[in-house]
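The values are calculated or read from the model by the stated rules, or taken from the named source; none is laboratory data. All values derive from a computational prediction rather than experimental measurement. With ideal geometry, Cβ positions are generated from the backbone for all residues, glycine too; neighbour counts draw on all protein chains shown. Please note that ligands, DNA and RNA were not included when accessible areas were found on the heavy atoms of the full protein model with its side chains. Shrake-Rupley method; radii C 1.70, N 1.55, O 1.52, S 1.80 Å.
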There are 2 protein chains.
Amino acid sequence: MPVGTRVEYIALQDIRRVEPGEDLAALIGQSLAGMSLELQRGDILVIAQKIVSKSEGRYVRLSDVEPSPAALELAATVGKDPRFLEVVLRESSEVVKTRPNVVIAAHRLGFVMANAGIDQSNIEHREGEERVLLLPKDPDGSAQRLKVALDAAGDLNLGIIINDSFGRPWRNGVVGVAIGAAGIPSLLSQIGVPDMFGRAMRVTEIAIADEIAGAASLLMGQAGQGMPIILVRGLTLDGPVLPAAALARPKSQDMFR
Amino acid sequence: MPVGTRVEYIALQDIRRVEPGEDLAALIGQSLAGMSLELQRGDILVIAQKIVSKSEGRYVRLSDVEPSPAALELAATVGKDPRFLEVVLRESSEVVKTRPNVVIAAHRLGFVMANAGIDQSNIEHREGEERVLLLPKDPDGSAQRLKVALDAAGDLNLGIIINDSFGRPWRNGVVGVAIGAAGIPSLLSQIGVPDMFGRAMRVTEIAIADEIAGAASLLMGQAGQGMPIILVRGLTLDGPVLPAAALARPKSQDMFR
């Protein structure tokens, strides 16, 4: 059961533009030093997918992409650049739904999202050369590597979440969700926890990493104002550590695919 | 654009069990006084749906419910108490999906949720008398009334969110979402906000109230440990005030209904 009666979300300041090869642990250390903050045991850091992908150089130049017949067919339906759609298809295990100018796809990581999470905003165009940015290759692995690098500073046992903004069926607006995590129970099972009156609860699992990712996303803002890293302090999460992959519902268990 | 580089989520302490007719504004005032806290301008209070419904006496005794033919038919499919399903149908505008022991319905308020949000956990049984708890009749109205009562203490311009925990397609686990809100832009439009490189953003609307509701839900916990009210401090939300009703996507605009 999550404990914490006073939880702080702190946006790290002066995060410079991230380039391929960037050492995010060093970047975080510099920002914290500038804010006279030190990491404490149990702190959680939420990192925007965009800067993780940039640090991993997950760019694709559309001029290098040869659209497949499937991409050309999809382009005829949705009316997007077939080269972009080719990249979407390469990143996806399934196209869930299409509409003019909309492609909802299941990313190979299992997350169902618009354009398989491929980003065309906040990407620099170099001499008109159009690039798109893919999700990190292995967001849980990226989170774990960052955790190991930052934990090294002491007995910190940090939590790391990599978040992105997803649209949802049934509700308007996007919310931040976790696509990668380390050191926390991304999904916390409530099975067997009785309610106040001893009855078994209906709710069985809480998507803890998504709830943290959403609140952090709110501080980050959506237009890349340079606050892509949020420190979360005061939350104590008991329960077995689970990566963000645990949040992806398999198609076989999904009533809505 | 949401602003706030340091945001605190504070769980109010010593909230007694809420009974029908309870004055939630007074309850909040007493808790804050006990914690030596005072409301500040721009504070946001997130209140668990359960205690709002209880204060409004939104109980239904199943022994008073006569199942309709539709409820009996649904019971044959999903295998739940036909009286319970009768209440679900009365609260719903549409049954979206059913499976054994699962009914996903569109509540008349527009929110798509399991059992139309009707709660059988954390409800006292009085001499074996089985009661269920409905959502507040008008959660946005409940939030607005609470805002007016609390704003009266000064020039506070508080935000109020009433939250509940929903499951989601595609992702495991439940997250807190807003079913009622007052004094905040529940949904913030990003239309026209250029990204860092001047391109128009893909993301057009942010479900701000849901992102706050989820983080608050995490502090509340899910088993009713008596922390049903969370104070959110440090968030500055610019944009036109919109109720939580703005978060419910109309069926006509929903690709997934």
* Asked: Considering only protein heavy atoms and a 1.4 Å probe, what is the carbon-and-sulfur percentage of the accessible area of the stretch A:27-156?
  -> 49 percent
* Asked: Accessible area of B:S68, 1.4 Å probe, to the nearest 10 Å²?
  -> 30 Å²
* Whole-Hz couplings from phi, Karplus 6.51/-1.76/1.60, listed for the stretch A:53-64; x for Gly and Pro -> 4, 5, 5, 8, x, 7, 8, 10, 7, 4, 5, 8
* To do: Could you name the residue in chain B with the C-beta closest to the rotation axis that superposes chain B on chain A, along with the separation in whole Å?
  => B:A215, 2
* Surface per residue (accessible, 1.4 Å probe) for the stretch A:34-181, Å² -> 39 Å²
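Given R₀ = 41 Å, what would the calculated FRET efficiency be for B:L72 paired with B:D138, taking r from the Cβ atoms and rounding to 0.05? Show your work: numbers first, answer last.
Values: r = 30 Å, r/R0 = 0.73.
Efficiency, from the Cβ-Cβ distance: 0.85.
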* Structure fact -> Between B:L45 and residues 5 or more places away or on another chain, the pairs with built amide H atoms under 5 Å apart involve B:G159, B:I160, B:I161, B:V232
* Measure nothing but the geometry: give the 0 to 90° angle between the long axis through the Cα atoms of A:69-78 and the longest principal axis through the Cα atoms of chain A, rounded to 10°. => 80 degrees
* Asked: How much space per residue, in cubic angstrom, does the convex hull of the C-alpha atoms of chain A take up?
  -> 140 Å³
* **GluC sites (Glu not before Pro) lying in DSSP loop within the stretch A:72-152, provided at most 16 other Cβ fall within 10 Å** => A:E124, A:E127, A:E130
* To do: May I ask what percent, to the nearest 5, of DSSP beta bridges between residues of the protein assembly as shown are antiparallel?
  => 85 percent
* Asked: Tell me, what HN-Hα J-couplings in whole Hz come from the Karplus equation 6.51 cos²θ - 1.76 cosθ + 1.60 at θ = phi - 60° for each residue of the stretch A:100-108, using x for Gly and Pro?
  -> x, 6, 10, 10, 9, 10, 8, 5, 4
* Asked: How big is the Kirkwood radius of the stretch B:7-46, worked out from every pair of different alpha carbons and given in Å to one decimal?
  -> 11.2 Å
* To do: Go through A:E211, A:E38, A:E56 and list them by solvent-accessible area, largest first, probe radius 1.4 Å.
  => A:E38, A:E56, A:E211
* Asked: Local charge sum around B:P67 (other residues, Cβ-Cβ under 10 Å, Lys/Arg +1, Asp/Glu -1)?
  -> -3
* Structure fact -> Amide H proximity to B:E205 below 5 Å, modelled H, separation 5+ or other chain, gives A:V174, B:Q190
* To do: Pop out the ³J(HN,Hα) list for the stretch B:30-46 in order, Karplus 6.51 cos²θ - 1.76 cosθ + 1.60 with θ = phi - 60°, rounded to Hz; leave Gly and Pro as x.
  => 5, 5, 4, 4, x, 9, 6, 10, 10, 5, 10, 3, x, 4, 10, 10, 9
* Structure fact -> Here, A:K251 and A:S63, labelled 7 Å along Cα→Cβ, have an inter-label distance in nm of 3.6 nm
* Asked: Which parts of the stretch A:155-177, residue by residue, lose 50 Å² or more of accessible area when the rest of the protein chains are there, as against the chain isolated (1.4 Å probe)?
  -> A:P169, A:W170, A:R171, A:N172, A:V174
* Contour minus Cα-Cα distance for A:Q30 and A:V102 (0.36 nm per residue) -> 22.0 nm
* To do: At a Cα cut-off below 15 Å, give the aspartates and glutamates reachable from B:K137, other chains included and same-chain residues fewer than 8 away excluded.
  => B:E56, B:E91, B:D119, B:D164
* Structure fact -> Under 5 Å from the placed amide H of A:V103, counting only residues 5+ away or on other chains, we find A:N115
* Structure fact -> Result for interface chain A to chain B, accessible surface buried in total, 1.4 Å probe, Å² to 100, stands at 7200 Å²
* To do: Tell me the distances, shortest first, between B:E73 and the same position across the other copies, using label points 7 Å along Cα→Cβ, in nm to one decimal.
  => 3.9
* To do: Within the set of other residues whose C-beta is less than 11 Å from the C-beta of A:V52, count the net charge using Lys and Arg as +1 and Asp and Glu as -1.
  => +1
* For the protein assembly as shown, what is the Kirkwood hydrodynamic radius in Å, using each pair of distinct C-alpha atoms? -> 23.6 Å
* Nearest 5 is fine: what % of DSSP beta bridges in chain B come out antiparallel, could you say? => 85 percent
